[in-house]
Amino acid sequence: MIDLRLLREDPDRVRASQRARGEDVELVDAVLSADERRRSSGMRFDELRNEQKSLGKLIPKASPEERAELLKRAEQLKADVKVAEAEQNEADETARALLLKLGNVVHPDVPVGGEDDFTVLETHGTIRDFAAEGFEPKDHLELGELLGAIDVERGAKVSGSRFYYLTGVGALLELALVNAAIAQATEAGFIPMLTPALVRPRAMEGTGFLGQAAENVYHLEKDDYYLVGTSEVPLAAYHMDEIVEADKLPLRYAGFSPCFRREAGTYGKDTRGIFRVHQFDKVEMFSYVAPEEAEAEHARLLAWEKQWLTSLELPFQVIDVATGDLGASASRKFDCEAWIPTQGKYRELTSASNCDGFQARRLSIRVRDGKKTQPLATLNGTLCAVPRTIVALLENHQQADGSVRVPAALRPYLGGREVLEPITK
């Protein structure tokens, strides 16, 4: 959640942020009003409790005549305190519920607009000219079937649309990507983590996935658990309700987990192959840093993602995601989009988000520096979303005969294979 002091002292900045996100601006005034009710009800409760305590000290010293009157007043105070406490609790709950609906305050440099209003910051690599090479590129599904690597037909038979099997060299390719990604992250100082895929509501709410993103979350109602859409959730909640000593920062974790997304609202989009699916595996970087280090850490996460995509020899661009396309928790987000030859455009492969203190406030994670405690900053960055990375690898490194060249960085994780060959039937 955002800092209440910022909301009280500079509500216009929060209104501007809401407007830029395309979210409800009037919510700001609703939160301010609820906050005022919360504070006034708290003051009323404190006043009555103080009077009750003072009265309790007077009763033993009072004369019999005075004691009767004081006891009568004590009975009334007891009832008034009970009512005031209930009003305070209700005001607290109302204010918190409204505050949780506010998205993070966007960074002033974020481009304003919707999904297509991003700014291209950098472009890397060279896009292949397949026409000059004398052949028409195949898409990743055709290549995957030739290699015996992808089976969406049986995935649909068993689980429905947007499910798939990775078979043979496809399964080996996933394991190679995961191991290579974890190796890079470990070398950069991240602690490898295998995280839970089921989390309690507070973990999901605390990371900001039960607001605008709730429609894409799978909920197991009988047990009140959520299936995570990213290991960002369990990694963010790992230090929930803890105070971290300043000299322990930064804390960096690389989580590997299955991810589950309903993909609501994407009917008819990316229905072919494995680009947009309901279940996939991912390696996610997650950082806890001091608030003043957040922007520098954001740049570092992006640099590690660029290092990864460069090692895979993929052409890609880096974009500054526009305000209307930010998740609720992010104040700023950079995406790395790889070129997909058969689509003729760049598509998102990785993202790096700066959530500053937004998630830490919701999850009650603080940093202590001397006697001072305050919310720390959290950041996340996708290193390898496996299916999309496989899509980009197959299409960009394909050869005319349907084989696929293996980038040098992956070869040690694929038993030294330099080429993935089509299977013979």
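The residue list 360, 338, 330 contains one member that is crowded, with 24+ Cβ neighbours inside 10 Å and assigned to a helix (DSSP H, G or I), which is 360. In the set 62, 91, 84, 16, only one residue is out of contact with any helix residue (DSSP H, G or I) (no Cβ under 9 Å at 6 or more places or on another chain) and surrounded by 12 or more Cβ atoms within 10 Å (Cβ to Cβ); that residue is 16. When the stretch 372-418 is filtered for residues that are among the polar types (S, T, N, Q) and closer than 21 Å to residue 341 by Cβ, the ones remaining, listed by number, are 389, 396, 398, 399, 403. Within the stretch 271-289, residues that are surrounded by 24 or more Cβ atoms within 10 Å (Cβ to Cβ) reach partners that are of a type in the set (Val, Ile, Thr) and assigned to a loop (DSSP other than H, G, I, E, B) with beta carbons closer than 7 Å, at six or more positions or on different chains, in the pairs 282/230; 284/230.
Scanning the stretch 322-358 for residues that are touching a residue at least 12 places away in the same chain (Cβ under 8 Å) and among the basic types (Lys, Arg) gives 332, 333, 347. Here residue 81 meets the list (1) part of a loop (DSSP other than H, G, I, E, B); (2) in contact (Cβ under 8 Å) with a residue 24 or more places away in the chain almost entirely, failing just condition (1).
Identify the residue in the stretch 233-263 that is of a type outside the set (Asp, Glu), under 17 Å from the mean Cα position of the chain (by Cα) and in a loop (DSSP other than H, G, I, E, B) and, among all such residues, is nearest to residue 182 (Cα to Cα). In this case the residue turns out to be 238.
Residues in the stretch 20-38 that are charged (D, E, K, R), surrounded by 15 or more Cβ atoms within 10 Å (Cβ to Cβ) and either modelled with pLDDT under 90 or in a helix (DSSP H, G or I) (or both): 21, 35, 37, 38. Residues that are acidic (Asp, Glu) and in contact with a Lys or Arg (Cβ under 9 Å, 6 or more places away or on another chain) were ranked within the stretch 186-225; the one that is nearest to residue 1 (Cα to Cα) is 205. Of all the criteria given as (1) over 28 Å from the mean Cα position of the chain (by Cα); (2) touching a residue at least 40 places away in the same chain (Cβ under 8 Å); (3) part of a loop (DSSP other than H, G, I, E, B), the one not satisfied by residue 416 is (2). The residues of the stretch 81-139 that are more than 18 Å from residue 334 (Cβ to Cβ) and among the acidic types (Asp, Glu), listed by number, are 85, 87, 90, 92, 93, 129, 133, 136, 139.
The values are calculated or read from the model by the stated rules, or taken from the named source; none is laboratory data. Just so we're clear, the structure is a prediction, and the values are computed from it rather than from any experiment. A quick note on method: Cβ atoms are made from the backbone with ideal geometry, for glycine too, and the neighbour counts reach across all protein chains shown.
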